[in-house]
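Below is one structure; the comments refer to it alone.
The values are calculated or read from the model by the stated rules, or taken from the named source; none is laboratory data. All figures in this text were calculated on a predicted structure; none of them were measured in a lab. Here the Cβ is made from the backbone with ideal geometry for all residues, glycine too, and neighbour counts use every protein chain on show. Heads up: the accessible areas ignore ligands, DNA and RNA and are worked out on the full protein's heavy atoms, side chains in. Shrake-Rupley method; radii C 1.70, N 1.55, O 1.52, S 1.80 Å.
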Amino acid sequence: MSERPNPGAARAGGRRGVAAAREPDAVDRRLINALQGDFPLSATPFADVAAALGLNEAEVIARIRAMLDDRVLTRFGPMFQIERMGGAFCLAAMAVPEAQWEAAAEAVNAFPEVAHNYRREHRLNMWFVLATERPGGIADAARRIEAATGLPVRLFPKEREYFVEMKLEA
């Protein structure tokens, strides 16, 4: 396993947080809705999805790629329970001065351990998730982010896990 447990996360040249280049059309919306959960576990999952939607496999694959490229989707891939594989997830936050925001966001987003990064209206205004292949990797990644940004990273480890199946209507 690499130090990047979520290789399906779209980075689009490090442009996370960039607005979508277009609005999804009706077929894109049907595809997005169909891909949220219950993805076929078969030798031909994209063909299976295509058949259920009255499309062809090549169109499904092309539409997913286009939605990722256009930032309609920021990520397409499985969600793993990384702890069961020996790794760890941890919510992290930083208080980033406005004058340092762009540089800090670029530095944080450059780390492969960063799964997602969000701006919040709070003293701790940058929140991100760290994902590592071993539990000790969380503290190491936080130290490296601190060294890269010059700002302290606060870690908020999970105390208890809840399963919330969130599906959003496109």
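Table: residues versus (1) at pLDDT 90 or above; (2) assigned to a loop (DSSP other than H, G, I, E, B).
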position: Val129; (1), (2): yes, no
position: Ala141; (1), (2): yes, no
position: Arg144; (1), (2): yes, no
position: Ala148; (1), (2): yes, no
position: Pro152; (1), (2): yes, yes
position: Glu161; (1), (2): no, yes
position: Val164; (1), (2): no, yes
position: Glu169; (1), (2): no, yes
Being out of contact with any helix residue (DSSP H, G or I) (no Cβ under 6 Å at 6 or more places or on another chain) and closer than 16 Å to Ala21 by Cα is the filter here; which residues of the range 68-78 pass it?
Leu68, Asp69, Asp70, Arg71, Val72, Thr74, Arg75
Give the range 108-128 a look and list any residue that's of a type in the set (A, V, I, L, M) and farther than 16 Å from Val96 by Cα, or say none.
Ala110, Val114, Ala115
Quick test for you: out of Glu102, Glu121, Glu59, pick the one residue that is assigned to a loop (DSSP other than H, G, I, E, B), at negative phi, of a type in the set (Asp, Glu) and open to solvent by 30 Å² or more (accessible area, probe 1.4 Å).
Glu121
Inside the range 62-89, the number of residues satisfying the requirement of being assigned to a loop (DSSP other than H, G, I, E, B) and closer than 30 Å to Gly137 by Cβ is 11
Take Ala47 and tell me if it is part of a helix (DSSP H, G or I), open to solvent by 50 Å² or more (accessible area, probe 1.4 Å) and without any contact (Cβ under 8 Å) to a residue 24 or more places away in the chain.
no
Odd one out for Gly77 among (1) surrounded by 14 or more Cβ atoms within 10 Å (Cβ to Cβ); (2) closer than 30 Å to Asp38 by Cα; (3) among the small types (Gly, Ala, Ser):
(1)
Have a look at Arg143, Arg154, Arg160 and point out the one that is in contact with a Leu (Cβ under 7 Å, 6 or more places away or on another chain) and open to solvent by 100 Å² or more (accessible area, probe 1.4 Å).
Arg154
